[in-house]
1. Any residue that is closer than 25 Å to ASP284 by Cα and buried (at least 20 other Cβ atoms within 10 Å of the Cβ) - is there at least one of those in segment 79-88?
2. What are the pairs, 6+ residues apart or on separate chains, where a residue within segment 1-14 that is of a type outside the set (Phe, Trp, Tyr) has its Cβ under 7 Å from a residue that is in a helix (DSSP H, G or I)?
3. Need a quick list: strands (runs of 3 or more DSSP E) entirely within segment 107-193 having at least 2 residues that are farther than 22 Å from PRO245 by Cα.
4. Could you list all residues from segment 96-112 that are β-branched (Val, Ile, Thr) and over 22 Å from the mean Cα position of the chain (by Cα)?
5. Restricting attention to segment 345-373, which residues are surrounded by fewer than 17 Cβ atoms within 10 Å (Cβ to Cβ) and among the polar types (S, T, N, Q)?
6. Among ALA49, ALA66, ALA41, which is the only one that is touching a Ser or Thr at 6+ places or on another chain (Cβ under 8 Å) and closer than 25 Å to ALA383 by Cα?
7. I need the full set of residues from segment 412-444 which are surrounded by 16 or more Cβ atoms within 10 Å (Cβ to Cβ) and part of a helix (DSSP H, G or I), in order please.
8. Look at VAL74 and say whether it is under 30 Å from HIS434 (Cα atoms) and in a loop (DSSP other than H, G, I, E, B).
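The values are calculated or read from the model by the stated rules, or taken from the named source; none is laboratory data. Keep in mind the model is a prediction, meaning the values are calculated, not measured. Neighbour counts run over all protein chains shown; Cβ positions are idealised from the backbone, glycine included. These area figures cover heavy atoms from the full protein model, side chains too; ligands, DNA and RNA do not enter into them. Shrake-Rupley method; radii C 1.70, N 1.55, O 1.52, S 1.80 Å.
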Amino acid sequence: MAAIEKRSREDWQELDKDHHLHPFTDHKDLHKKRSRIITRAEGVYIYDADGNKILDGMSGLWCVNAGYGRQELVDAAAEQMQELPYYNNFFQCAHPPSIELAAMLKDLTQPQFNRVFFTGSGSESNDTIVRMVRTYWDLMGQPERHTIISRKNAYHGSTVAAASLGGMKSMHKQSGLPIPGIVHVDQPYWYGSDQSLSPEDFGIAAAQTIEAKIREVGADKVAAFIGEPIQGAGGVIVPPDTYWPEVQRICDEYGILLISDEVITGFGRLGEWFGADYYGTKPDFMPFAKGVTSGYLPLGGVFVSDRVADVLVDKAGEFAHGYTYSGHPASCAVAIANLKILQRENLVERIRDDIGPYLQKGWAELEDHPLVGNTRMVGLMGALELVKSKEPVERFDEKQGVGGIARDLFIENGVCLRASGDAIICAPPFTLSHSEADTIIEVTRKVLDQTLKVVNE
Ligand code: PXG
């Protein structure tokens, strides 16, 4: 018997309204129009309860990288659940899926990474890192090295520590964050600057805000710097090429740990296995989640470099931290099957050499549209910014909600993209075909025309 009752769309919407609190949602606003009920998916398409077919240009929430309908992943979960649906990795136990996955992951990463700590999500991964970073410096005899530097507009998750690492003002405001010992510097957002510097000089200057913060806090008090290789939820902020090498130089010079948050960029989205590989950094930690299972089951984790792991193993005694679902067997089995798909179908190389450049070309051409101030895309991670005027850059009034208007028009036209303010974000599954890429570009052009009409009314 099916576990899920079959009801009409209206019945589901009613139950949803009465009983379900959603993440990142204005419920009063939602209840005026009701939820869009998604019932199934196949390939790069999702289907709603009315049978509408929508091209998912966001891979769910940046995670369904291998696409929907992968029977192999379903089988991996079912087989593992029959064999061992749950057991933990606490108290001197382990199970084959977590062991096999840990060993497999090590082969995909840079040589300093030989060990992984499993969690259930990206937020839990970043909470884990806050504790590991501070424990590491305690064990190194420098307990005053406590402060973690992050960036404005960063997104590192929604738990208390992860939201503190994040630089979203609206999140901080709602619950008295950040927690002590977390400070924020500028993001490397050249298009959002006054553009008085060249992108190259701006990249260096943005990185040097980290150095200024280190001096302000005191070099002996800074523990780590965290950044997403490309900021995702904050609007796909692609840093100038000069940025990450300068960040690496600063971290090296002051001996502070570098955390590359790979929750979105990990497992291929930029056409390299990790964002750190794309930008040539050598991080000490890499939190991951999402794409490791292509979102089929929840799983996260932290790659811990030898520099830190050796100290934790040798000196920490018991590291008193862990989650019931750290390395859940079914999630690990799905991750292994998913990574095998990425390898067998050469999906990461496909992004670098084929579908990435193909979609990037069409996306860049959208810049000729009167509403589009800027386009950017690396691998299959892109954004375009809707502006009132291009030269000089003039933004729409926030209250107009132009990004939201465009997002709703996208859905009406059968493509799901996400709005972050007035930036439209695109991060489709790695399996996107050329004709599906053409559809994204054609629909985007049409939606831009329609949005312009609404704005001019
Ligand atoms: N780090 C980064 C870089 C992320 O993008 C997290 C950590 C937290 O992961 P979990 O698994 O705890 O959600 C994320 C998550 C959006 C959106 O609207 C982005 C995320 C999550 C939900 C929505 O862009 N990123």
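1. no
2. Every condition considered, no pair remains.
3. Those strands (runs of 3 or more DSSP E) span 113-119.
4. ILE99
5. ASN346
6. It is ALA66.
7. Hits for segment 412-444 are GLU436, ALA437, THR439, ILE440, ILE441, VAL443, THR444.
8. For VAL74, the condition - under 30 Å from HIS434 (Cα atoms) and in a loop (DSSP other than H, G, I, E, B) - is not met.
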